[in-house]
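Accompanying notes for the structure given below.
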Amino acid sequence: MSEVLANEQVAEGVYRLAVAGQFAGTMGQFYMLRAWDHYPLLSRPLSIFNVTAEYVEFLYLVAGEGTEMFSKLRKGDSISLEGPLGNGFSRPSGKTAFVGGGIGIAPFYYALGQIPDADVYLGFSREAYMVDEFRAGTTGQVVVNVGGIILDEIDFNAYDTIIACGPHKMLEAVQRKQADSGTKAEVYVSLENRMACGIGACLVCSVQCRDGRKKACADGPVFRAEEVVFA
């Protein structure tokens, strides 16, 4: 078990959780977290928001029983972490854009530590959050859209690599824009599928791809945009 250092509310229903300890992880990976003994049955997957020598951080949205229980955690409480898991972002080449929709912005803060000149596009339905932190983390531009469509702000032909994370419909729109724009950029999507085991054993997070079914937790969560079959 690990110890909670902080659990700060940063927007309505959105929290920044810090857990003490020496943790590893590459950009785009995740951990399975639980703060209970028996119920709910399953741990919850959360993308790495940041890692330092003293702690790991997660940015999460309260969306059910598990994350509601996370929101009640206080400094000194115990929490269990398993990870890091999944295949994260490959190191991008050339001019790079990170595109986050809602809580899908979470993995890109840590990614800026590796790619500090990336442009960042942050889309929110109602309320923007963590914008100052992202602006401080990049020498590139940070574009914010609240209540609109963040993809309208992006010229896909202006980049060599584009990585997007957000709701299913947004990622489907990323795939369409890649095709419609004729871009030569490498375009990747990080899926927010429900997960159970986190290690590829249970098939709950199965993803239909052009060459067959894959597992978001073990084969992903990052896939080439053109590889995924959005239904």
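Things worth noting here:
- The range 1-28 - residue that is within 23 Å of ALA164 (Cβ to Cβ) and assigned to a loop (DSSP other than H, G, I, E, B) and, of those, most open to solvent (accessible area, probe 1.4 Å): THR26
- Neighbours by Cβ (under 6 Å, 6+ apart or cross-chain): first from the range 181-193, charged (D, E, K, R); second surrounded by 17 or more Cβ atoms within 10 Å (Cβ to Cβ): GLU186/THR161
- Matching residues, the range 108-132, being open to solvent by 40 Å² or more (accessible area, probe 1.4 Å) and not basic (Lys, Arg): TYR109, GLY113, GLN114, PRO116, ASP117, SER125, GLU127, ALA128, ASP132
- Filtered by the rule that a residue be crowded, with 19+ Cβ neighbours inside 10 Å and assigned to a loop (DSSP other than H, G, I, E, B), the range 166-183 gives a lone residue, GLY166.
- Checked against (1) hydroxyl-bearing (Ser, Thr, Tyr); (2) surrounded by fewer than 22 Cβ atoms within 10 Å (Cβ to Cβ); (3) closer than 24 Å to ILE163 by Cβ; (4) touching a residue at least 60 places away in the same chain (Cβ under 8 Å), SER71 passes all but condition (3).
- Within the range 184-208, the set of residues being part of a strand (DSSP E or B), modelled with pLDDT of 80 or more, open to solvent by less than 60 Å² (accessible area, probe 1.4 Å) and not hydroxyl-bearing (Ser, Thr, Tyr) comprises VAL187, VAL189.
- Residue match in the range 141-156 (condition: touching a residue at least 12 places away in the same chain (Cβ under 8 Å), part of a helix (DSSP H, G or I) and open to solvent by 20 Å² or more (accessible area, probe 1.4 Å)): yes
- Residue within the range 123-140 that is in contact (Cβ under 8 Å) with a residue 24 or more places away in the chain, in a helix (DSSP H, G or I) and farther than 23 Å from GLU8 by Cα present: no
- Index of the failed condition, ILE163 passing every other in (1) open to solvent by 20 Å² or more (accessible area, probe 1.4 Å); (2) out of contact with any helix residue (DSSP H, G or I) (no Cβ under 7 Å at 6 or more places or on another chain); (3) not small (Gly, Ala, Ser): (1)
The values are calculated or read from the model by the stated rules, or taken from the named source; none is laboratory data. It should be emphasised that the depicted structure is a prediction, and the values quoted were computed from it without experimental measurement. All Cβ positions, glycine included, derive from the backbone under ideal geometry; neighbour counts span all protein chains shown. For accessibility, only protein heavy atoms count, side chains too; no ligands or nucleic acids. Shrake-Rupley method; radii C 1.70, N 1.55, O 1.52, S 1.80 Å.
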